[in-house]
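Asker: First, the structure itself, so that you have it in front of you.
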Amino acid sequence: MVSLLCCGPKMAACGLVLSAWGVVMLVRGLRGREGSEGPGPERIYRLYEQVSYNCFIAAGLYALLGGFSLCQTRLNKRKEYMVR
């Protein structure tokens, strides 16, 4: 039988914590800014929008890593209770 378990419990827990922290920090940093001063507000808004897309993509990748780590954590828990 093929096992999907590929990392240990500590590595899975570390990946879960890091991905949760990454999603929270990236999504929290995307607050809208009203009335920015300086030359070329349209350019600033366009750059800000591009950065926000990149942050959402990175947050999505962190969420995928979190799902993988959660799966690995559950597989490790199940392995602890299996009788050989």
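The values are calculated or read from the model by the stated rules, or taken from the named source; none is laboratory data. Just so it is clear, the structure is predicted and the values come from calculations on it, not from any experiment. Cβ placement follows ideal geometry from the backbone for every residue including glycine, while neighbour counts extend to all protein chains displayed. Quick note on the areas: whole protein, heavy atoms, side chains included, nothing else; ligands and nucleic acids left out. Shrake-Rupley method; radii C 1.70, N 1.55, O 1.52, S 1.80 Å.
Asker: Is it fair to say C71 is without any contact (Cβ under 8 Å) to a residue 40 or more places away in the chain and surrounded by 13 or more Cβ atoms within 10 Å (Cβ to Cβ)?
Answerer: Working: without any contact (Cβ under 8 Å) to a residue 40 or more places away in the chain: no; surrounded by 13 or more Cβ atoms within 10 Å (Cβ to Cβ): yes.
No: the conditions fail for C71.
Asker: Output the number of the condition that L61 fails; it satisfies all remaining conditions of (1) modelled with pLDDT under 90; (2) surrounded by 11 or more Cβ atoms within 10 Å (Cβ to Cβ).
Answerer: (1)
Asker: Cβ-Cβ below 9 Å, separation at least six or inter-chain, first residue in region 1-22 and within 23 Å of N54 (Cβ to Cβ) and open to solvent by less than 50 Å² (accessible area, probe 1.4 Å), second assigned to a loop (DSSP other than H, G, I, E, B) and among the basic types (K, R): which pairs?
Answerer: Within 9 Å, no pair qualifies.
Asker: Follow-up. Can you tell me which of V23, V27 is modelled with pLDDT under 85, hydrophobic (A, V, I, L, M, F, W, C), out of contact with any Pro (no Cβ under 9 Å at 6 or more places or on another chain) and within 30 Å of S3 (Cβ to Cβ)? If you could, list the steps in order and put the result at the bottom.
Answerer: Values: V27 fails: within 30 Å of S3 (Cβ to Cβ).
The unique qualifying residue is V23.
Asker: Also, I was wondering about something else. Tell me which residues, restricted to region 66-84, are of a type in the set (S, T, N, Q) and either over 18 Å from the mean Cα position of the chain (by Cα) or at pLDDT below 80 (or both). Reasoning before the result, please.
Answerer: First, the residues of region 66-84 that are of a type in the set (S, T, N, Q): 69, 72-73, 76.
Residue satisfying the conditions is N76 alone.
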